[in-house]
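Here is the structure we will look at, set down as C-alpha cells.
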Amino acid sequence: MFIKPCHGLITSLYDMHRKHPITGKILPHWGVDYGNHADNSIPAAAQGVVRFIGRGHKTAGNFIVIKHPNGWETAYLHLAAITVIVGQSVEQGQKIGVKGMTGGATGIHLHFEVSTGTWPGDYKNNVNPVLYIDDPDVRELQSNLNKLGYKLVVDGKYGEATMNAVINYQDRRNLLADGVPGLVTVASIKKDLPNYIAKEEPIMPEPNANVVSPSHKEAWEWAKEQGYLNGERPKDPLTREQFATVLKRMHDKLAE
Ligand SMILES: [Zn+2]
C-alpha cells in the first residue's frame, strides 16, 4: 500500500526491543532507516495531506507527518529540506523533501515511521514499515538469495523469512549477523552469485562538463597524459581518496 519513501538500502530495522549500542538501555527503534543514495529526494509513500511539519527538533530534526485517507500516518525524519506546507494535499510519489541528517543522526539517512493512528501517540500504533512496502532493493535481494539456494517469496517486503535468510547468510559468511541488508551484506551476496562478473569501470570516468569540477577535468587530462589511463579499463573506479591522491600527484609534479 506504500511505496518506498526514498532510494537507498535499509540500514536499520524496526525493533521494539533494540538495545542502545553504548548505554545498553532498551531503546526501541520505531521505524526503518534508509541510507544515503545519489538521489536523496523523498516521495510521499501514499496519497494524503501534510498534517504536521517539525523543524530543528533535537532528535527528529526537520520532519514531515502525512495523514492518509484510512487514518494511518507516515513520518519522515532528519530531512535536509522540506518542499511542502502543512495542509497541502500530496499524491503518492510526489516529492515532499530531501533526505538529510538533521537532529539526532550520525549520517545521511531517512528514518521512516508508519502509524495506524495519529503519530506518534505513544508509539502504540506504530507498525513495521517494511511489511507494507514493496522495495525494489528487497526484491533484488530476495531474488539473489534464491539463486544461492534460499526459497523466498520475491515480494519486496522485508519480512521475517527474508530477514532470517539474511541472518543465516551473514552467519555463514562471518559477517555481523544483524539481519540488516546493508551495503556489505548486499555486496557479499552479489559476489557469491554463480554468474557474478566484476563490474569494470574506468579508473576515473571521463569528465562530463556538467557534473565535474575544473580540477577533476584537469586531473583527468593530466593522468591520461601520464599514462595512468592508457586505454585500459581498470577494475575499480577511483574513490574520492584515490582521486585526491592523483590530484596531489599532479600538483606536486607541476610544482617541480
Ligand atoms: Zn532510525
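Since every read-out is calculated from the coordinates, none of them should be taken as a lab result. Model, not experiment: these values are computed from the prediction. Please note: Cβ atoms are built from the backbone with ideal geometry, for glycine as well, and neighbour counts cover all protein chains shown.
The alpha carbon radius of gyration of region 1-128, expressed as a multiple of 2.2 N^0.38 Å, is 0.98. Seen from a random direction on average, the alpha-carbon convex hull of region 104-206 projects onto 9.7 square nanometres.
Charging the Cβ of each Asp and Glu at -1 and of each Lys and Arg at +1, and nothing else, the dipole of region 137-192 about its Cα centre rounds to 220 debye. Separation of the alpha carbons by more than 27 angstrom is noted, of LYS95/LYS191; LYS58/LYS124; LYS4/LYS151; LYS4/LYS147; LYS58/LYS157, for LYS95/LYS191; LYS58/LYS157. Our summary gives region 10-131 a relative contact order of 27 percent, counting only alpha carbon pairs under 8 angstrom and 6 or more residues apart.
Kirkwood analysis of region 137-192, using all unique Cα-Cα pairs, places the hydrodynamic radius at 10.8 Å. Listing TYR150, TYR169 from fewest to most neighbouring C-beta atoms within 10 Å gives TYR150, TYR169.
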